[in-house]
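The next block holds one structure in the form of structure tokens; read it before the comments.
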């Protein structure tokens, strides 16, 4: 069971796809969080109660762009949002991990805020940190349409990458080619005591 973390725009999603190609079942905590915030859920209700109806789209769903503007401009609001969402994500992930352990399936979970959310205490064989230089991260974020200021704001809203690297079992750089990145992940998997499926 691999916990997959790293900084924003470092390549966690690509790493997840590579692990899938190696036979891993991969779960994305952001998808779980999105599902848990769907209209009609308890998390949706609590988030709307705190942030107000201004975060709702015309269809009643949470407008993630509007919510993102609020939380990335106000760190205390990001902390509040995480407090509303992370416990439910943690419970869902703990059940998923337990199920994968029972079936002895190789699995990984992409969790951008693994350490920040306290999910490093879940049942991992190893935590992989996907890393990239700040220049590369800024380039990728600008390619996603963020301004330099917005990109820096997103980077600074997370735990410093160096701290994530220090707390991880394996650091996998993603500054080179896809081939290099794939080989680095394959080597990390081989060094990790997870059952090959």
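The values are calculated or read from the model by the stated rules, or taken from the named source; none is laboratory data. Owing to the predicted nature of the structure, the values given are computational and were not obtained by experimental measurement. Reconstructed Cβ throughout: ideal geometry from the backbone, glycine too, with neighbour counts over all protein chains shown.
Considering 16, 11, the condition of being in contact (Cβ under 8 Å) with a residue 24 or more places away in the chain, surrounded by 22 or more Cβ atoms within 10 Å (Cβ to Cβ) and in contact with a strand residue (DSSP E or B) (Cβ under 8 Å, 6 or more places away or on another chain) is satisfied by 11 alone.
Test residue 85 against the criterion of being farther than 15 Å from residue 51 by Cβ, surrounded by 15 or more Cβ atoms within 10 Å (Cβ to Cβ) and touching a helix residue (DSSP H, G or I) at 6+ places or on another chain (Cβ under 8 Å), and give yes or no. For residue 85, the condition - farther than 15 Å from residue 51 by Cβ, surrounded by 15 or more Cβ atoms within 10 Å (Cβ to Cβ) and touching a helix residue (DSSP H, G or I) at 6+ places or on another chain (Cβ under 8 Å) - is not met.
Comparison of 127, 47, 109, 66 shows that the only residue that is modelled with pLDDT of 95 or more, over 24 Å from residue 161 (Cβ atoms) and either surrounded by fewer than 16 Cβ atoms within 10 Å (Cβ to Cβ) or touching a strand residue (DSSP E or B) at 6+ places or on another chain (Cβ under 8 Å) (or both) is 47.
Rundown of residues vs (1) part of a strand (DSSP E or B); (2) out of contact with any helix residue (DSSP H, G or I) (no Cβ under 9 Å at 6 or more places or on another chain); (3) closer than 30 Å to residue 182 by Cβ, yes/no style:
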| site | (1), (2), (3) |
| --- | --- |
| 3 | yes, no, yes |
| 10 | no, no, yes |
| 16 | no, yes, yes |
| 20 | no, yes, yes |
| 26 | yes, no, yes |
| 31 | no, yes, yes |
| 46 | no, no, no |
| 50 | no, no, no |
| 65 | no, yes, no |
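Residues in the range 146-197 that are over 28 Å from residue 73 (Cβ atoms), without any contact (Cβ under 8 Å) to a residue 60 or more places away in the chain and in a helix (DSSP H, G or I): 166, 179, 180, 183, 184, 187, 190, 191.
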